[in-house]
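See below for the structure under consideration.
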Amino acid sequence: MTLFSATDPATPVARALVVTPVFHGVPDGMADGDARLDEAVRLTRGIGVAVPHAETVALAGTKADSLFGRLGVERLGGLMEAFHADLLVVDHPLTPLQQRTLERGCLGKVVDRCTLILEALATEAADTETRMQADLAALQFQRGRSIRCWSHLADRREGLGFQTTLVGMPGDTLLESHRRRLTERIAGLKRALAELRRARTLQRADRKAAGIPTVALVGYAGAGVASLHARLSSGMEARLPSGRMIDLAVGLPVLADLPHSVVTAFGVTQDAVREADLVLHVRDLSDPNDVAHTMAVEALLDQLGIGPADPRRLEVRTKADRLEATARAAVALRMADREDAAVLVSAETGMGLDELAQRIDRHLHSWQPAMPLRADGPALA
């Protein structure tokens with residue numbers, strides 16, 4: 001999953017005004033408000049919504065009722081009308097009260113950062129396993145807030161509790177029927193994912209017994225994890241230069257303010273990272289907010305019990321081709337004296353992939369002797 005789309009969709013189903021609040025003197029997890037706004041715009045476009053206007057809004061502090069205050073809400077309502085937007089995307093977590101106040105004042109639907117992330121995960125879900133986890137995260141988040149999540153994906157979300165035409169027990173209010181449907185769907189998804197989790201655990205045990213270790217790729221959304229995975233393998237399996245076969249797993253894309261419901265719902269994906277024999281922390285060498293993004297990834301890895309001192313970790317710096325040769329050489333020189341130096345690679349040009357394959361081989365050498373060379377399976381390098 002990339003979670004990012006470079007351009008607006010050809011036929012967007014909605015138009016959104018995207019706003020990123022910037023609080024004076026309050027740490028926000030991302031140093032550059034413009035960079036965070038750019039990320040929110042890309043996420044919004046990625047779920048099939050056009051963005052005619054986006055801006056940062058400086059705030060001295062939060063307002064309990066609406067986040068922006070009365071004048072701010074009036075201004076946002078005017079902007080939505082001016083740009084014919086039917087959706088307001090606020091790049092910040094909102095309380096249910098703040099969301100309702102903004103919707104009434106702007107006369108449109110409001111989506112906060114948490115809901116935007118959930119929508120992006122659901123949109124990017126490429127397989128049944130990921131789709132089930134994304135749906136579970138969205139439903140748990142929705143139930144916890146006692147409000148309906150916005151979704152333009154009406155056909156896919158039918159029956160998940162997102163529609164207003166719910167049929168409940170006699171005497172039920174619409175909200176009670178909605179909550180009952182949510183509870184039923186959450187319970188069903190949890191049962192299905194529990195079975196899938198057990199199956200994945202047995203599969204990993206069988207592959208370990210066959211001498212096939214797992215290498216997991218983890219990074220901030222947009223760092224190039226998906227591109228690197230595609231370059232290393234044509235599927236879930238790859239072969240190292242020594243002939244050793246490995247499984248390649250991709251962890252949950254990390255984003256700032258990642259909802260807790262996402263972390264818990266993606267248990268199957270997280271298990272693959274937690275139990276991996278080697279974890280590649282993928283970092284974008286050209287990212288101006290690399291420090292903040294790295295902190296977000298480190299926080300998630302800590303939750304999985306994979307701290308900075310864990311010997312299973314290897315740092316990979318991607319998009320090295322975007323740096324000039326002198327800048328790239330300077331980065332390599334700074335890391336040359338470190339035993340755990342990062343590997344500089346480019347999924348676009350293939351630069352550094354040979355060295356990465358060798359480093360992975362060395363890290364896994366003590367895990368088990370190399371397997372006999374096989375003719376099948378794509379070569380890692």
Discussion item. Looking only at segment 176-225, count every residue that is part of a helix (DSSP H, G or I) and either within 23 Å of residue 358 (Cβ to Cβ) or free of Cβ contacts under 8 Å to residues at least 40 places away in the same chain (or both) and tell me the total.
Written reply: 22
Discussion item. So residue 308 ticks every box in (1) within 21 Å of residue 249 (Cβ to Cβ); (2) buried (at least 19 other Cβ atoms within 10 Å of the Cβ) but one. Which box is left unticked?
Written reply: (2)
Worksheet item: under 20 Å from the mean Cα position of the chain (by Cα) and modelled with pLDDT under 85: does that describe residue 20?
Response: no
Discussion item. If a residue must be surrounded by 15 or more Cβ atoms within 10 Å (Cβ to Cβ), out of contact with any helix residue (DSSP H, G or I) (no Cβ under 7 Å at 6 or more places or on another chain) and assigned to a loop (DSSP other than H, G, I, E, B), how many such residues does segment 50-81 contain?
Written reply: 1
Worksheet item: Restricting attention to segment 369-381, does a residue exist that is modelled with pLDDT of 85 or more, under 28 Å from the mean Cα position of the chain (by Cα), under 13 Å from residue 215 (Cβ atoms) and open to solvent by less than 60 Å² (accessible area, probe 1.4 Å)?
Response: no
Discussion item. The conditions are (1) farther than 24 Å from residue 38 by Cβ; (2) touching a helix residue (DSSP H, G or I) at 6+ places or on another chain (Cβ under 7 Å), and residue 243 fails exactly one of them. Which is it?
Written reply: (2)
Item to complete: Check segment 28-41 and report whether any residue there is closer than 20 Å to residue 84 by Cβ, assigned to a helix (DSSP H, G or I), β-branched (Val, Ile, Thr) and modelled with pLDDT of 90 or more.
Response: yes
Fill in: Top-ranked residue of segment 272-293 - restricted to ones that are among the charged types (D, E, K, R) and part of a helix (DSSP H, G or I), ranked as modelled with the lowest pLDDT
290
Worksheet item: among the charged types (D, E, K, R), at pLDDT 90 or above and open to solvent by 10 Å² or more (accessible area, probe 1.4 Å), is that true of residue 257?
Response: no
Item to complete: Can you run down the residue pairs with Cβ atoms below 8 Å, 6 or more apart or on separate chains, where the first is in segment 77-92 and without any contact (Cβ under 8 Å) to a residue 24 or more places away in the chain and closer than 13 Å to residue 107 by Cα and the partner is open to solvent by less than 10 Å² (accessible area, probe 1.4 Å) and of a type in the set (Val, Ile, Thr)?
Response: none
Discussion item. Filter segment 82-128 down to the residues that are in a loop (DSSP other than H, G, I, E, B) and in contact with a strand residue (DSSP E or B) (Cβ under 7 Å, 6 or more places away or on another chain) and list them by number.
Written reply: 83, 84, 85, 86, 91, 92, 93, 94, 108
Worksheet item: Does residue 231 satisfy being open to solvent by 30 Å² or more (accessible area, probe 1.4 Å), touching a Gly at 6+ places or on another chain (Cβ under 9 Å), at negative phi and of a type outside the set (Val, Ile, Thr)?
Response: yes
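The values are calculated or read from the model by the stated rules, or taken from the named source; none is laboratory data. Model, not experiment: these values are computed from the prediction. Ideal geometry is used to build each Cβ from the backbone, glycine not excepted, and the neighbour counts take in all protein chains shown. Accessible surface areas use protein heavy atoms only, side chains included; no ligands, DNA or RNA. Shrake-Rupley method; radii C 1.70, N 1.55, O 1.52, S 1.80 Å.
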